[in-house]
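Structure first, commentary second.
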C-alpha cells in the first residue's frame, strides 16, 4: 500500500512508497514479457487519460499499461474538445467523472493543475506532467532503469545534463534519486540552470566532460525550445558543440557511463546517433520499463480508497 491516494509528484512520496512501486514494477515487467501480456487486476475500473498538452510516449505508455491491467480506457485530448470553447478544467473533468471514471491520468501545461483537481474531485489523480513542475512516473521509470542496470541506486552518482530550467523530468528525478540515496549533479549552460537548484542539495557543473568523468549515469535532457520565452544560447549548433554528447567524448573517458534520455531525442543536438544506439544507452529499456512502472502505479493506487 502507498501512503498517498494520488501520484501528484515525487516530493509527496516516502522512500517506502518509491521502493514499493519499483518492487511492484518487477512483477509487471515479468508479466509484459510473457506470451499473454494481460492480467485482470483492474478489470472493474475505468481510467481516463486527460491530456491538455501533446504527448506520444507518455500517453501511449499509460494506455498500454491500463490495457495490460484490463481496465476500461477513455482517451481525452484538449484539441477538438469543449476546452476550445472556453470550458474550465474542473467542468471538463467533472463531465468525465459523471461517466463513473475511477482514475484520471492528466497532463497539463499549468504547474499544480493535478494538485488543484485532487482537492476538488474524488477520483485518484496521476500527474503525467504539469508544466515545468513534475513528471513523477518518468522519474520512477528512470530510477527503475538505473536500478536494473547497476543493481542499485544508493551511493551512485547521477548527472542530469541539458535544459534543467524548463524540464519537469529534472525536478522529479532529483527528488527520486536523492530519496533513494544517490548523489546528483546537474550540468548545462548557466542560462538553463535555475538559481534555486543548489538549494535542493545538488552539485552544479558547466563542463560536460567533467560531469561525465564524475558520474555513473548521465540522464540527457531535450532542449525544450517550445517552453523557452527568450533565447538562452546562441544556436543549436553551438549548444551541441559545448553540451552535446558524442562517441568521441565517451571514448575519451577512463570509465563507462550509462546514457539515458527521457525522449524525444533531438539526434545530433543533445546526443548523437552513435551514442543513442550504442551499448552505453538504456533509452529503449526506459521505454519498456515505463509500461511496467506505470502498471505498478495504477495497480497500487487502485488498492487505495476506491471513489465508487
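The values are calculated or read from the model by the stated rules, or taken from the named source; none is laboratory data. Just so we're clear, the structure is a prediction, and the values are computed from it rather than from any experiment. Virtual Cβ from ideal backbone geometry, glycine too; neighbours counted across all protein chains shown.
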Report yes if some residue within the range 43-54 is in contact (Cβ under 8 Å) with a residue 60 or more places away in the chain, farther than 19 Å from residue 96 by Cα and in the same structural domain as residue 123 (by TED's automatic domain parsing); otherwise report no.
no
Specify the residue that is surrounded by the most Cβ atoms within 10 Å (Cβ to Cβ); the eligible residues are those in the range 39-59 that are under 22 Å from residue 285 (Cβ atoms) and touching a helix residue (DSSP H, G or I) at 6+ places or on another chain (Cβ under 8 Å).
58
Looking at the range 130-169, which of its residues are modelled with pLDDT under 95 and either out of contact with any helix residue (DSSP H, G or I) (no Cβ under 6 Å at 6 or more places or on another chain) or at positive phi (or both)?
131, 162, 167, 168
Within the range 275-308, track down each residue that is over 23 Å from residue 169 (Cβ atoms) and either at pLDDT below 95 or within 14 Å of the chain's Cα centre (by Cα) (or both).
279, 303, 304, 305, 306, 307, 308
Conditions (1) outside any helix (DSSP H, G or I); (2) within 18 Å of residue 25 (Cβ to Cβ); number of the one not met by residue 111
(2)
Over the range 271-308, the set of residues in a loop (DSSP other than H, G, I, E, B) and within 23 Å of residue 144 (Cα to Cα) is 277, 278, 279, 280, 282, 303, 304
Residue list for the range 246-267, restricted to those being at negative phi and assigned to a loop (DSSP other than H, G, I, E, B):
246, 252, 253, 254, 255, 256, 257, 261, 262, 264, 265, 266
Taking helices (runs of 4 or more DSSP H) that do not extend beyond the range 1-106, which have at least 2 residues that are out of contact with any strand residue (DSSP E or B) (no Cβ under 8 Å at 6 or more places or on another chain) and within 28 Å of residue 264 (Cα to Cα)?
15-32, 57-68
